[in-house]
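The values are calculated or read from the model by the stated rules, or taken from the named source; none is laboratory data. Remember, it's a predicted structure, so these values are computed and weren't measured experimentally. Neighbour counts are summed over all protein chains in view; Cβ atoms, including those assigned to glycine, are modelled from backbone coordinates with ideal geometry.
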Amino acid sequence: MTEAKDFPSLTGPELDGLVESLHHWSLSHGLVMYPPGFKSYAADIAPVTLYPTPFPRKAFEKALSVQQNFNRLYVSLASQFKSWLIEIIEELSKYDKDFTGMLYETYKKAVEGNNGKIPQPLSLGLFRSDYMLHKGADNSLDIKQIEFNTVSVSFGGLSNKVSSLHQFLNSSGHYDSEYSYPYYDENDIPVSQSLEGLSLGLKDANYYYNNEQDSTKTVILFIVQNGERNCFDQRHVEYELFTKYGIKSYRLSLEEVSSKTSINGGKLYIKKTMDEVSVVYFRSGYSPQDYESDPEQTWKARLHLESSKAIKCPSILTQLSGTKKIQQVLTQREVVEKFLSDVPKEKIDELFSTFVDIYPLDDSELGDVAKRLAQEQPERYVLKPQREGGGNNIYKENIPGFLEKLDKADWAAYILMELIEPPTYRNSIVRQNEVIRKDIISELGIFGTVLFDEDTGEIKENRNADWLLRSKLSSSNEGGVAAGFGCVDSIYLY
Ligand code: ADP
Ligand code: MG
Ligand code: MG
């Protein structure tokens, strides 16, 4: 196997010049984010790495190649096998009435209100499967899945910008102290097409909503959080939809939905303009906090949207298929084989090889094993509740104490996952006018888009939508970019 080249070792004026160029490029191209607690329109550059981070080519290609089968797997769960999914969700709802339970209730009400049928069987998934590298028995690095996200996947709009930034800094000679030649071979720094990919997924949904015709008469409704710091990531998708396809978008918070939209003959409209909405794209609604300001109003809004004929991205069932509990159950080979009965065995092997051990903490035999492992070897595990958005997990030695405080009857709401141990790299993170040169670890996300029928499981479009690399200091357990520990990175393939 070839070795990764070391990072450029710039210091003094060369380093200053590089950092200045990085800022100017980022500001010029909208690689930006609002600072915490922002009160004005002024934005900062998004936290990024100075250099692309090494990633083995073979592992990268595998992550890309397995994505469309992951898309199919989650389609199966939300369509042909939805009764299996619902059974698990009903069980989880007992532990988590206020969130999982409310989502499930909302789904049921939407179906009941439509004579027992899903108001819009077409469903759009914009997914992201996240991985870290892990050293196998033969010492080679392979991808292992952290989680599969089915709602509000972010950074598709910024990822392609970071890779373009690194590509530019390299090609223009900024990584070399002489400014004379590119430090890396340009072909080794891929530029992610994630912005194009996610936008195309939304365009697909608009097309199928309009009976397989491109139309600029219908619009896309982004459901967004109040005070979203990462709104530029979303705006890039909005602008791509408009410039490339002529499709207009609106942005509303859950709190605004009732007063600013209406349903007529099942169709969803923006009240002010009477524009018809083809797709409701959720960039909010994935965590309990998104409903907290006014639970009655916000849950009513979710039901209102779910009850309409607009295509949801995602539908409630598709959102729920992405819970950590489902991920745990999918580590059973026979379950995956059942859901992917028409996928060749080698492809299922490939998909399966990305899994680490995940255990339930319930009354099953496996649950007993997990309870013992959690007590005896907690340093090898992470404990996860059914939550999204970062900052919810319990790590290593904190696990036994956490479980002890929890009512034993609630343990089954958690899963116990083997810790993945990625290699560290001494890259530099640029954030808030600081260049932090420390060991980092990285998480690769592969985007996928899939448009399918929740009644029949028929797949209309299934696409790979390229990738994202996020990195964080190796000393921190979690790497939320917005939360302040992490940054957006790109890849140097070796
Ligand atoms: P969320 O849905 O909140 O993003 P994740 O499962 O992605 O939840 O966990 C959050 C973060 O915790 C990940 O980005 C990763 O940094 C870390 N993490 C999660 N699972 C593992 C694991 N098995 N091994 C190592 N780190 C993990
Ligand atoms: Mg997640
Ligand atoms: Mg995550």
The one condition Pro54 fails out of (1) in a helix (DSSP H, G or I); (2) crowded, with 20+ Cβ neighbours inside 10 Å is (1)
Taking only segment 293-314 into account, find how many residues are in contact with a Phe, Trp or Tyr (Cβ under 9 Å, 6 or more places away or on another chain), of a type in the set (Lys, Arg) and outside any strand (DSSP E or B). 2
Do we find a residue being surrounded by fewer than 14 Cβ atoms within 10 Å (Cβ to Cβ), within 16 Å of ligand 1 (Cβ to nearest atom) and modelled with pLDDT of 95 or more anywhere in segment 363-381? yes
Looking at (1) among the basic types (Lys, Arg); (2) in contact with a strand residue (DSSP E or B) (Cβ under 7 Å, 6 or more places away or on another chain); (3) modelled with pLDDT under 95, find the lone condition where Lys460 falls short. (3)
Tabulated pairs, segment 127-138, first at pLDDT below 95, second away from ligand 2 (no atom under 14 Å from the Cβ) and in a strand (DSSP E or B), C-beta under 9 angstrom, 6+ apart or interchain: Lys135/Leu141; Lys135/Asp142; Gly136/Asp142
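Tyr269: part of a strand (DSSP E or B) and out of contact with any helix residue (DSSP H, G or I) (no Cβ under 9 Å at 6 or more places or on another chain), yes or no?
On the way: part of a strand (DSSP E or B): yes; out of contact with any helix residue (DSSP H, G or I) (no Cβ under 9 Å at 6 or more places or on another chain): yes.
Taking the combined requirement at face value, the residue satisfies it.
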Top-ranked residue of segment 87-138 - restricted to ones that are assigned to a strand (DSSP E or B) and closer than 18 Å to Asp453 by Cα, ranked as nearest to ligand 1 (Cβ to nearest atom): Phe127
What pairs come up if the first residue lies in segment 372-396 and is within 14 Å of ligand 3 (Cβ to nearest atom), the second is of a type in the set (Phe, Trp, Tyr), and their beta carbons are under 7 Å apart, counting only those six or more places apart or on different chains? Val382/Tyr395; Lys384/Tyr414; Pro385/Tyr414; Glu388/Tyr286; Gly389/Tyr286
Residues of segment 397-443 satisfying the condition of being within 16 Å of ligand 3 (Cβ to nearest atom) and among the small types (Gly, Ala, Ser): Ser442
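Within segment 219-226, can one find any residue that is free of Cβ contacts under 8 Å to residues at least 60 places away in the same chain and surrounded by fewer than 19 Cβ atoms within 10 Å (Cβ to Cβ)?
First pass over segment 219-226, keeping only residues free of Cβ contacts under 8 Å to residues at least 60 places away in the same chain: 219.
Imposing the further condition that a residue be surrounded by fewer than 19 Cβ atoms within 10 Å (Cβ to Cβ) reduces the set to none.
There is no residue in segment 219-226 that is free of Cβ contacts under 8 Å to residues at least 60 places away in the same chain and surrounded by fewer than 19 Cβ atoms within 10 Å (Cβ to Cβ).
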